[in-house]
Amino acid sequence: MTELALNLRSRASDLIHRLWTHERVWLFSACLLGALFLIVPAQGAVSAAFVAQNLISVAPFLVLSIGIAAYAGASGADGLIARAFTGSPLVMIVIAALAGGLSPFCSCGVIPLIAALLAMGVPLAAVMAFWLASPVMDPSMFVLTTGVIGLEFAIAKTLAAVGLGIAGGVVVHLMGKAGGLGDPLRDGVGNGGCCGSSVRGAKDVVWTFWRDDERMAKFWREGVKATLFLAKWLTLAFLLESLMLAWLPADLVAQTLGGSGLAPIAVATVVGVPAYLNGYAALPLVGGLMDQGMAAGAGLAFLVAGGVTSLPAAIAVWALVKRRVFFLYVGIALTGSFVAGLLLHLWTSL
């Protein structure tokens, strides 16, 4: 083999290695979509359109949160933002949970904001409170839930969202004091931590950072890096979601969640994770099941667990935080969903 051929082979090998190491998510998504177009062309077209539509819908949140994070980092304002969350932990947790219950973020749409907050060094306890509460309820969802299922159920779902956020924030705060949750972000995602580098290292704030070439370069560098990172995982998440919506029969979900008592609540909590439907699509299903006799507690557990820890959202979270934080997030969400369903069941049984 000639020297030129060896050189080309070496370069090709290096290129493949870099692509697989750094772009395996894009490659997997592309291969999966390509396989769909070859085997099930109709579903491939539907999935491609679904991914594009959802990326466009989440783009405003993505651009806003990444832009804020990049601006804060380039100007030095991230220190001010992070230090604003260093007051009373319980007050921060309650405020974050209440804000989450009023915010218009879905389970995937909240991911960019969470990444920005953690990268700024906002304490994990407050972020977790917002993180858990946000996907469960928002003003438009409250109105729709009232219309489809009823006002009492909508109030219960709102209380479950805020209660889950507060409980999760308190648990994370107590575990953080024990020293087990430092630096929650994966390597290369950001430099957060329980109080974060932005809190530990105070620095001057330059609001008009674009006048400084070095700060401007940092703004674009961090913005592009965060955009590509989140875009590749959200693309995979939405692609998988499209397949679940297409191939997971609604009647199978209905049969699994039917019945009354404590067992359906536990089943609904677990099934709510893989049987993902977006909040608006899930409401009519749950409303129909409740009309057929399913306990309200099981319906609430399904909606809360599915909203917070749906498979597409879990994939994005897995890419964002370290394993111990991920499993803590899932554990709190599932436990809180079951408890919320159980409390509603007991309340309606009185």
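Are any residues in the stretch 161-181 more than 22 Å from Ala298 (Cα to Cα) and either free of Cβ contacts under 8 Å to residues at least 12 places away in the same chain or of a type in the set (A, V, I, L, M, F, W, C) (or both), and if so, which ones? Answer for the stretch 161-181, where residues must be more than 22 Å from Ala298 (Cα to Cα) and either free of Cβ contacts under 8 Å to residues at least 12 places away in the same chain or of a type in the set (A, V, I, L, M, F, W, C) (or both): Val170, Val171, Val172, Leu174, Met175, Lys177, Ala178, Gly179, Leu181. Take the conditions (1) surrounded by 12 or more Cβ atoms within 10 Å (Cβ to Cβ); (2) modelled with pLDDT of 70 or more; Cys31 misses just one of them, which is (1). If you go through the stretch 128-154 and keep only what is outside any loop (DSSP other than H, G, I, E, B) and buried (at least 24 other Cβ atoms within 10 Å of the Cβ), you end up with Met128, Ala129, Phe130, Trp131, Leu132, Ala133, Thr145.
Of the residues making up the stretch 34-57, just one is among the polar types (S, T, N, Q), at pLDDT 85 or above and under 20 Å from the mean Cα position of the chain (by Cα), namely Gln53. Residues that are within 20 Å of Thr335 (Cα to Cα), at pLDDT below 70 and not in a helix (DSSP H, G or I) do occur in the stretch 258-270, at least one of them.
Scanning the stretch 208-244 for residues that are touching a Leu at 6+ places or on another chain (Cβ under 8 Å), polar (S, T, N, Q) and over 19 Å from Ala119 (Cα atoms) yields one hit, Thr235. Pairing each residue of the stretch 132-160 that is within 19 Å of Asp291 (Cα to Cα) with any residue that is hydrophobic (A, V, I, L, M, F, W, C) and outside any helix (DSSP H, G or I), provided the two are 6+ apart or on different chains, yields C-beta distances under 6 Å for Lys157/Met137. Can you confirm whether Ala313 is modelled with pLDDT of 75 or more, in contact with a Phe, Trp or Tyr (Cβ under 9 Å, 6 or more places away or on another chain) and not polar (S, T, N, Q)? Judged against the criteria, Ala313 is not a match. The residue of the stretch 237-248 that is nearest to the chain's Cα centre (by Cα), among those that are surrounded by fewer than 20 Cβ atoms within 10 Å (Cβ to Cβ) and in a helix (DSSP H, G or I), is Leu240. Consider the stretch 305-350 and keep the residues that are over 23 Å from Phe229 (Cα atoms), surrounded by fewer than 22 Cβ atoms within 10 Å (Cβ to Cβ) and small (Gly, Ala, Ser). The one that is farthest from the chain's Cα centre (by Cα) is Ser349.
The values are calculated or read from the model by the stated rules, or taken from the named source; none is laboratory data. This one's a predicted model, so the numbers in the text were calculated from it and none came from an experiment. We place every Cβ from the backbone using ideal geometry, glycine too, and count neighbours over all the protein chains shown.
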